[in-house]
1. Is it the case that LEU135 is closer than 19 Å to THR285 by Cβ, part of a helix (DSSP H, G or I) and either open to solvent by 10 Å² or more (accessible area, probe 1.4 Å) or polar (S, T, N, Q) (or both)?
2. Considering LEU184, LEU162, LEU147, which residue is buried (at least 21 other Cβ atoms within 10 Å of the Cβ) and either farther than 30 Å from LEU66 by Cβ or touching a Ser or Thr at 6+ places or on another chain (Cβ under 9 Å) (or both)?
3. Residue check, PHE262 against (1) over 22 Å from LEU122 (Cβ atoms); (2) modelled with pLDDT of 95 or more, all met but one. Which one?
4. Can you tell me which residue among THR145, THR166 is under 21 Å from GLU99 (Cα atoms) and part of a strand (DSSP E or B)?
5. Name the residues in region 89-114 that are open to solvent by less than 70 Å² (accessible area, probe 1.4 Å), of a type outside the set (Val, Ile, Thr), part of a loop (DSSP other than H, G, I, E, B) and at pLDDT below 95, would you?
6. Enumerate the pairs (first residue in region 69-93 and hydroxyl-bearing (Ser, Thr, Tyr); second residue anywhere and open to solvent by 50 Å² or more (accessible area, probe 1.4 Å)) with beta-carbon separation below 8 Å, excluding pairs fewer than 6 apart on the same chain, so at least 6 apart or on different chains.
7. Of all the strands (runs of 3 or more DSSP E) wholly in region 216-288, which have at least 2 residues that are without any contact (Cβ under 8 Å) to a residue 40 or more places away in the chain, within 21 Å of the chain's Cα centre (by Cα) and on the phi > 0 side of the Ramachandran plot?
8. Residues of region 148-183 being under 19 Å from HIS90 (Cβ atoms) and touching a Lys or Arg at 6+ places or on another chain (Cβ under 8 Å), which ones?
Amino acid sequence: MTFELAEQSIITTIHGLYDDREAATIATMVMEFVTGKSKMDRWLQKNELLSIENLKSLEKYSKELLTGKPVQYVLGEAWFAGMCLAINEHTLIPRPETEELVNLCASWAATNKIQDAPLQILEVGTGSGCIAIALQKKLPSAQITALDISNEAIKVASANALTNNTAIKFITLDFLNEANWPGLGDFDIIISNPPYIADIEKESIAKHVLDFEPHTALFVESNNPLIFYNALANFGNTYLNKGGAVFVEINQALGLQTQDVFAQNNYTTLLKKDLFENDRMIVATKNK
């Protein structure tokens, strides 16, 4: 089978699950992964035949895609902030909105000098490590600690940090257990994309997310949807240096309520929209 026919075969296979544009994008990703060749190279060599090994891989990936499994999980990798990161069923697929959170944090850090010493940054719920690693790239002098309740996620994040030549301290820890807080230290910045989707919202979640992404990283109990934001605000009361800030991704339906959590804990808050004009991020600066 030629490169051209193989790519069209993928599109035809998954056409019932995705629209034309999405199917074409997925086919491009799979073909680049399988062949190791760019889209331009494949176009120039469109009549080149795939090897038997590549054909077997293509068949395997096509079968997985037919189950609705996201292509990032099928291939075991995702791109974030210009980096290729390993992911698996223990980690969320990094999303563009989270890149916006990283950029917002890095811009703030560049214009708000808190102290002469290196910035101390804490990430809560690191998953694949995408936020911590991207921040370390943008703020190379910062000292970053990243937490996750999943030891399997920490393994993935640690491997990604090594691959991307970043030095980050990773810790497996349940952040909601306040007994774990004292040993972490003091910080200038806290950043998190915590679980924020209420259990009651599961019915409205896309099947490919609900069936394949880790629920512990997505969902919170419906009767306490802001549990992580309360914990972050409370942690910051003691362990965030004055003038420091908390950067969080939020449930767009609970923007004002999430803002209020921090406002009631002596923070000055700013609610920010993402590129899609959804309330998506809050910057909460600890008042001096």
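The values are calculated or read from the model by the stated rules, or taken from the named source; none is laboratory data. Quantities reported herein were computed from a predicted structural model and do not represent experimental measurements. Counting neighbours? That spans all protein chains shown, and the Cβs are built from the backbone with ideal geometry, glycine included. The protein model used for the area step is the full one, side chains on, heavy atoms only, and it has no ligands, DNA or RNA in it. Shrake-Rupley method; radii C 1.70, N 1.55, O 1.52, S 1.80 Å.
1. Details: closer than 19 Å to THR285 by Cβ: yes; part of a helix (DSSP H, G or I): yes; either open to solvent by 10 Å² or more (accessible area, probe 1.4 Å) or polar (S, T, N, Q) (or both): no.
Considered against the rule, which asks whether it is closer than 19 Å to THR285 by Cβ, part of a helix (DSSP H, G or I) and either open to solvent by 10 Å² or more (accessible area, probe 1.4 Å) or polar (S, T, N, Q) (or both), LEU135 comes out as no.
2. Details: LEU184 fails: buried (at least 21 other Cβ atoms within 10 Å of the Cβ); LEU162 fails: buried (at least 21 other Cβ atoms within 10 Å of the Cβ).
The unique qualifying residue is LEU147.
3. (1)
4. Values: THR166 fails: part of a strand (DSSP E or B).
Answer to the selection: THR145.
5. Within region 89-114, just ASN112 meets the criteria.
6. Hits for this filter: TYR73/GLU89; TYR73/PHE212.
7. On the way: elements: 240-249, 267-273, 279-286.
Because the criterion is at least 2 residues that are without any contact (Cβ under 8 Å) to a residue 40 or more places away in the chain, within 21 Å of the chain's Cα centre (by Cα) and on the phi > 0 side of the Ramachandran plot, no strands (runs of 3 or more DSSP E) in region 216-288 meet it.
8. So in region 148-183, the residues under 19 Å from HIS90 (Cβ atoms) come out as 148-164, 168, 170-176.
Listed by number, the list holds a single entry, ASN164.
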